[in-house]
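One structure below.
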Amino acid sequence: MHVASTTARERIDAHRLMRGGAAGTKEQHPIAVAGAAQRTQARKRTIRRFWVHMGAFVAAYVFTAGVALLGVLLWVQPDTLLPLVELGVLAAVVFVVVFSSLRVVVLHHIFSDEYPNSEEDPGMEHHVAKSVAYGFVALVLAVLITGLLINVASASIPVSS
């Protein structure tokens, strides 16, 4: 019985219609495995980039909060608007510089395996410009978060009469 099934399998594989199909399925397996490996690497790279951006955001936010606090304590005088506006602009510049420099250092110096082929790398000017653009987007998010925190903090303070 076993011999008959082997000869039947040989006859099926030898048929002219099965030759192209058998060869096609054997070639598809390495491609499917390579595609799955690429998707896994892309997913890991995306998760790593997300955590790098979150870490850079938190570090820039905390550092900027410290700079703003020191500026308010040491530089801004009561009832003066211009130094307060200047301090806000300084804090915004500090946030963008810290965020973009952390992003460039971590993503393009520490994790420098983004472009294994050096010909595909668009250059450091591109990375810096992209990091500054991301820094401005993160600045908008930081301003919204700060406004939300101020709103929550002011709502929790009891009103004295």
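The values are calculated or read from the model by the stated rules, or taken from the named source; none is laboratory data. All figures in this text were calculated on a predicted structure; none of them were measured in a lab. Positions of Cβ are backbone-derived with ideal geometry, glycine not excepted, and every protein chain shown enters the neighbour counts.
State which residue is modelled with the highest pLDDT when the search covers only region 104-161 and only residues that are farther than 22 Å from Ala92 by Cβ and of a type in the set (Phe, Trp, Tyr). If we take residues in region 104-161 being farther than 22 Å from Ala92 by Cβ and of a type in the set (Phe, Trp, Tyr), then Phe111 is modelled with the highest pLDDT. State yes or no: is Leu139 surrounded by 14 or more Cβ atoms within 10 Å (Cβ to Cβ) and closer than 20 Å to Val62 by Cβ? Judged against the criteria, Leu139 is a match. A count restricted to region 94-149 and to residues that are part of a loop (DSSP other than H, G, I, E, B) and not acidic (Asp, Glu) stands at 8. Scanning region 39-78 for residues that are among the small types (Gly, Ala, Ser) and without any contact (Cβ under 8 Å) to a residue 24 or more places away in the chain returns Ala42, Ala65, Gly66, Ala68, Gly71.
For Thr40, the conditions (1) assigned to a helix (DSSP H, G or I); (2) modelled with pLDDT under 90; (3) more than 21 Å from the chain's Cα centre (by Cα) all hold with the exception of (3).
Scanning region 68-124 for residues that are polar (S, T, N, Q) and under 30 Å from Arg49 (Cα atoms) returns Ser100, Ser101, Ser112, Asn117, Ser118. Counting the residues of region 84-113 that are within 19 Å of Ala68 (Cα to Cα), without any contact (Cβ under 8 Å) to a residue 24 or more places away in the chain and among the small types (Gly, Ala, Ser) gives 1. Of the residues making up region 150-161, those that are part of a helix (DSSP H, G or I), exposed (fewer than 10 other Cβ atoms within 10 Å of the Cβ) and hydrophobic (A, V, I, L, M, F, W, C) are Val152, Ala153, Ala155.
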